[in-house]
Amino acid sequence: STALAIFSDVPEDHEHYAAIQWMEGRSVIEGYDDGTFRPDQEVTRAEALKIILLGNEVEVEELDGTEEVIYSDVGLDAWFFPYVDMATDLEIVQGYDDGSFLPEQTVNLAETLKMIGLARGLSGSTPVDDPYADVSLDAWFAPYVEYCKDRNFIEAHDDGLLHPDWAVTRGA
């Protein structure tokens with residue numbers, strides 16, 4: 001049924017329906033002009049930042065003309081500049097050694113969980129046990145996985161694995 005669905009491609013029985021509805025109702029996410037949400041479309045670094053910052057109620061200020069370009073590939077006129085700028089100021093993200101940020105690069109689950117953890121103030125501590133069979137406690141992202149797992153932000157797939165290297169989709 002799509003009678004109550006905001007997006008034509010996210011019916012009530014979609015596994016992420018409630019979360020998508022909640023986030024849309026709080027203006028964290030939005031759909032496309034054709035009425036779709038495209039839940040299976042992969043998320044870029046810039047899109048993930050917007051969702052994470054707004055989802056955590058971080059106030060992202062509008063440009064006032066005093067900003068400086070931080071990354072070679074994030075211009076002041078880019079829709080995502082305020083989010084990248086804020087996330088950099090809050091030390092949620094950083095660029096690459098060559099001065100780029102790669103805003104259009106897809107983001108995987110491990111990277112996304114790190115951004116979520118840092119946006120929520122997690123300083124990072126090593127878990128006592130492996131959070132998942134495919135996430136060892138000494139993996140660089142294990143503290144963020146543990147943090148998100150403890151808060152029920154994530155769960156294993158049907159195969160019992162987390163698959164931290166998989167690209168994140170809009171629906172997830």
Leading residue by the ranking (surrounded by the fewest Cβ atoms within 10 Å (Cβ to Cβ)) among those in the range 12-27 that are in a helix (DSSP H, G or I) and either hydrophobic (A, V, I, L, M, F, W, C) or under 16 Å from the mean Cα position of the chain (by Cα) (or both): Ala18
Taking the range 128-152 and keeping only residues that are under 16 Å from Met115 (Cβ atoms), part of a loop (DSSP other than H, G, I, E, B) and either in contact with a Phe, Trp or Tyr (Cβ under 8 Å, 6 or more places away or on another chain) or not hydrophobic (A, V, I, L, M, F, W, C) (or both), one is left with Arg151
Assuming Ile52 fulfils every condition listed in (1) assigned to a loop (DSSP other than H, G, I, E, B); (2) under 22 Å from Ala172 (Cβ atoms) apart from one, which condition is it? (1)
Within the range 57-78, track down each residue that is open to solvent by 100 Å² or more (accessible area, probe 1.4 Å) and either at pLDDT 95 or above or acidic (Asp, Glu) (or both). Glu57, Glu59, Glu61, Glu62, Asp64, Glu68, Asp77
Pairs where the first residue, in the range 113-140, is free of Cβ contacts under 8 Å to residues at least 40 places away in the same chain and the second is acidic (Asp, Glu) and assigned to a loop (DSSP other than H, G, I, E, B), C-beta under 6 Å, 6+ apart: Ser136/Asp130; Leu137/Asp130
Right, Ile116: of a type outside the set (Lys, Arg) and part of a helix (DSSP H, G or I) or not? yes
Would you point out which residue out of Glu62, Glu91, Glu68, Glu104 is touching a helix residue (DSSP H, G or I) at 6+ places or on another chain (Cβ under 8 Å), more than 24 Å from Tyr144 (Cα to Cα) and acidic (Asp, Glu)? Glu62
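The values are calculated or read from the model by the stated rules, or taken from the named source; none is laboratory data. Everything quoted here is computed from the prediction, not taken from an experiment. Glycine also receives a Cβ, built like all others from the backbone with ideal geometry; neighbour counts cover every protein chain displayed. When the accessible area is computed, the model is the full protein with side chains, heavy atoms only, and any ligands, DNA or RNA have been set aside. Shrake-Rupley method; radii C 1.70, N 1.55, O 1.52, S 1.80 Å.
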